[in-house]
Amino acid sequence: MNPGSANTEAERREVQAAAKAIGQQITIFDVSSERDIETAFATLVQRGIGALLVGVGAFTSSHRERIVSLAARYAVPTTYNLRDFVAAGGLMSYGTDNRWGYHQAGIYAGRILKGEKPGDLPVMLPTKFELVINVKTAKALGLEIPDRLLALADEVIE
């Protein structure tokens with residue numbers, strides 16, 4: 001997680017609560033530089049941490065290629081919030097469909113250009129979430145994705 005991101009504290013609380021609910025121990029790494037990313041991976045490998053969930057935000061998205069590369073190098077099964085990580089070779093993602101968000105932003109821009117006041121437009125939250133799985137990456141990690149999970153995926157990258 002990037003400690004400088006606006007949503008970090010909320011995300012941290014949610015992840016900790018989810019881990020506690022299923023009886024999992026977690027370690028949270030704060031990363032705000034490339035060096036922090038490298039250190040986080042070295043530490044998680046040294047500690048024998050079996051999987052990684054990459055936090056949400058512009059920092060992690062802008063370092064997508066590096067994070068995916070390190071996850072592959074160290075053979076760490078990693079989950080992301082955006083399909084872009086999976087398209088870059090990451091294992092899997094579950095998160096909002098950003099294409100829907102961009103579409104909605106375009107609709108709102110059109111409404112504003114036609115004279116509607118931005119303050120009068122309703123706040124919209126994402127309603128579509130997508131699961132994307134990269135089967136090639138799973139095989140490289142020695143993981144077999146159950147057919148039932150593959151059937152539930154919105155996209156399977158071969």
Which listed residue, of Ile67, Ile37, is more than 13 Å from the chain's Cα centre (by Cα), over 26 Å from Thr127 (Cβ atoms) and buried (at least 18 other Cβ atoms within 10 Å of the Cβ): Ile37
Going through segment 1-41 in order, the residues found to be aromatic (Phe, Trp, Tyr) and either at positive phi or in contact with a Leu (Cβ under 6 Å, 6 or more places away or on another chain) (or both) are Phe41
Filter segment 77-91 for residues that are crowded, with 16+ Cβ neighbours inside 10 Å and touching a residue at least 60 places away in the same chain (Cβ under 8 Å); which is farthest from the chain's Cα centre (by Cα)? Pro77
Checking Gly55 against (1) within 28 Å of Glu34 (Cβ to Cβ); (2) at pLDDT 95 or above: exactly one of these is not met. Which one? (2)
Suppose the filter is of a type in the set (Gly, Ala, Ser), loosely packed, with under 11 Cβ neighbours inside 10 Å and touching a residue at least 24 places away in the same chain (Cβ under 8 Å); does Gly50 pass it? yes
Only residues that are of a type in the set (Lys, Arg) and without any contact (Cβ under 8 Å) to a residue 12 or more places away in the chain: list them for segment 129-144, please. Lys139
Checked segment 6-22 for anything in a helix (DSSP H, G or I) and in contact (Cβ under 8 Å) with a residue 24 or more places away in the chain; matches are Thr8, Glu11, Val15
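The values are calculated or read from the model by the stated rules, or taken from the named source; none is laboratory data. All values derive from a computational prediction rather than experimental measurement. Note: ideal-geometry Cβ built from the backbone for every residue, glycine included; neighbour counts use all protein chains shown.
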